[in-house]
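Just below is one structure, and these are the notes that go with it.
The values are calculated or read from the model by the stated rules, or taken from the named source; none is laboratory data. The shown structure was predicted, so the numbers you read here are calculated from the model rather than taken from an experiment. We place every Cβ from the backbone using ideal geometry, glycine too, and count neighbours over all the protein chains shown. Please note that ligands, DNA and RNA were not included when accessible areas were found on the heavy atoms of the full protein model with its side chains. Shrake-Rupley method; radii C 1.70, N 1.55, O 1.52, S 1.80 Å.
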Amino acid sequence: METMILHVDMDAFYASASLIERPELVGTPVIVGGAGRGVVLSATYEARRSGVSSGMPMGRARRLCPQAVVLPPDAELYSRISGAVMHLFAQVTPLVEPISLDEAFLDVSGVAPTPRQAVALGHQLRDAVADEQMITCSVGIAPVKFVAKLASTRAKPDGLLLVERHETLDFLHPLPVEALWGVGETTKEKLHRLGLRTVGDVAHLPERTLVRALGQSAGVTLHRLAWGHDERRVVPHEPERSIGSDETFPADLDDAVEIKRELLKLSDRVAARMRAAQVAGRTVVLKVRFSDFTTITRSRTLPEHTDVSREIYDVAAQLFDALALQRARVRLVGVRVQGLKDVRQTSRQIRLGERENGWREADRAIDRASARFGAGIVRPASLVG
């Protein structure tokens, strides 16, 4: 039985999801990301044609595409759609490996063992995602993960591409060297200095020469990938090891009160995501980036796992206070919780004199209200206005 791997990648996921409730913007340049000095999270293909790309500073993106409409991210919406899509994949095969919210590998060898069956299944998944979630996705199909991912990229947007085993080298070898996994700017420059411009060039260079130039691990790995060899298997989903959120301020802040308000908002957001994922964590991490881009992190591990907004915020605020900043100008803050565990496998020590109902119950009441009336319907008083 031949291995059949699908790589399914949502097309401009964050932008497409954001347009579900803004249908009048479909077909126009739209950028999703933080305002002011934030970065681009996603952009429609109309904006990408102007040079806008993910991770680009928003100021540069606006200069490249001044006619674009900028929409704020909606993390809860993205998480909900992603969960529904991953659930759809799991109905097809238990071998689903999410790579991020918007892409996953599926080993469908057991349910679609031939190329023809895999293509039919790929089209079924694309139709189901479009019908149920109102977004499009592209599918790459190949015997190995590496080639399947390249195929889905080639198929974008809203397409499907099968690369059979006997077609692998014809597909791979004309591609630029940066198509190989692990080739960033530094490795690309090293390969170019060796006169290697395409994957085929890398394949036909003796492996020992690559090892001398790049080191044992990188040299051997790239040489094998260049010949279409990738032994990695699809590994089913593992729980997230951490959940976090950052915020870049429109202007640098030096007011501790304002910064703590932001930490409260981020703590609420992180805790809500944890509860939605049914996980709790023990280690709270604070990230602070200053106006000169110097970045520091501080962390504290709790005696018990938690998914309570107030408990996460209290630790983040204490970590910030311990920095003893003297009106230092802060560009970004972030809150992250690590050491995640299924909440059903955690226990909580009852404390003497503890109220029967406290912050934990309040959070769950807020979750119920948000599910019914929309995110942000209930929030701390200090965040109103």
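Using the average count of surrounding beta-carbon atoms within 10 Å as a protection proxy, the listed peptides 203-215, 278-290, 138-150 rank, highest first, as 138-150, 278-290, 203-215.
In terms of the Cα gyration tensor, with a ≥ b ≥ c the square roots of its eigenvalues, is segment 68-192 rounded because a/c is under 1.5, prolate because a/b exceeds b/c, or oblate? Because a/c hits 1.5 or more and a/b fails to exceed b/c, segment 68-192 counts as oblate. Once all protein chains are placed together, ASP74 keeps about 60 Å² accessible to a 1.4 angstrom probe.
For segment 132-178, averaging the sequence separation of C-alpha pairs within contact (under 8 Å, six or more residues apart) and dividing by the residue count gives a relative contact order of 34 percent. In degrees between 0 and 90, to the nearest 10, how far off the longest principal axis of the chain does helix 359-373 point, with axes built from Cα atoms? The angle comes out near 60 degrees. Helices in the chain, meaning DSSP H runs of at least 4 residues, each add -39500 (n - 2.57). Divided by all residues, the mean residue ellipticity at 222 nm is -12500 deg cm²/dmol.
As a length-normalised measure over Cα pairs under 8 Å and 6 or more apart, the relative contact order of the chain settles at 14 percent.
GLU258 contributes about 80 Å² of solvent-accessible surface, heavy atoms of the protein only, 1.4 Å probe. Pairs over the 29 Å Cα-Cα cut-off, from the set LYS145/LYS265; LYS145/LYS188; LYS188/LYS341; LYS149/LYS265: LYS145/LYS265; LYS188/LYS341; LYS149/LYS265. The string of couplings for segment 57-73 from the Karplus curve (6.51, -1.76, 1.60, θ = phi - 60°) is x, 4, x, 5, 4, 5, 6, 6, 9, x, 7, 5, 8, 9, 10, x, x Hz, one whole number per residue in order, with x for Gly and Pro. Rolling a 1.4 Å probe across all protein chains gives TYR313 an accessible area of roughly 30 Å².
Rolling a 1.4 angstrom probe over the protein heavy atoms, how many square angstrom per residue are accessible across segment 1-122?
Result: 45 Å² per residue.
Structure remark: mean-square fluctuation, Gaussian network model of the chain, C-alpha springs under 10 Å; the largest value among ALA112, ALA328, ALA12 belongs to ALA328. Within the chain, antiparallel bridges make up roughly 90 percent of the DSSP beta bridges whose residues both belong there. What is the angle, in °, between the Cα long axis of helix 256-277 and the longest principal axis of the Cα atoms in the chain? Nearest 10 is fine, range 0 to 90. It works out to around 60 degrees.
Across segment 153-277, Cα pairs under 8 Å and at least six residues apart give a relative contact order of 18 percent. With the cut-off at 1.5 for a/c, could you classify segment 184-281 from its C-alpha gyration tensor as rounded, prolate or oblate? Verdict is oblate for segment 184-281.
Under a 5 Å amide H cut-off, with hydrogens placed 1.01 Å from N, LEU175 pairs with VAL199, GLY200 among residues at least 5 apart or on other chains.
Ordering SER309, SER79 by accessible surface, largest first, gives SER79, SER309; the 1.4 Å probe counts only protein heavy atoms, with every chain in place.
Once the Cα atoms are used to define both axes, helix 145-155 deviates from the longest principal axis of the chain by about 90 degrees. In this rough spin-label picture, where each label sits 7 Å from Cα along the Cβ direction, the ARG212-ALA90 distance is 5.2 nm. A dipole drawn for the chain from +1 and -1 charges on Cβ atoms has a positive end, and of THR186, PHE89, VAL40 the residue lying farthest that way is THR186. Computed about its Cα centre, the charge dipole of the chain is approximately 940 debye, with only Lys, Arg, Asp and Glu carrying charge at their Cβ. Here Cα extents along the principal axes in Å was computed from the coordinates, and among [x] 68, 50, 38; [y] 69, 46, 46; [z] 83, 48, 47 the match is [y]. Modelled this way, with points 7 Å down the Cα-to-C-beta line, the labels at ARG116 and ARG261 are 6.5 nm from one another.
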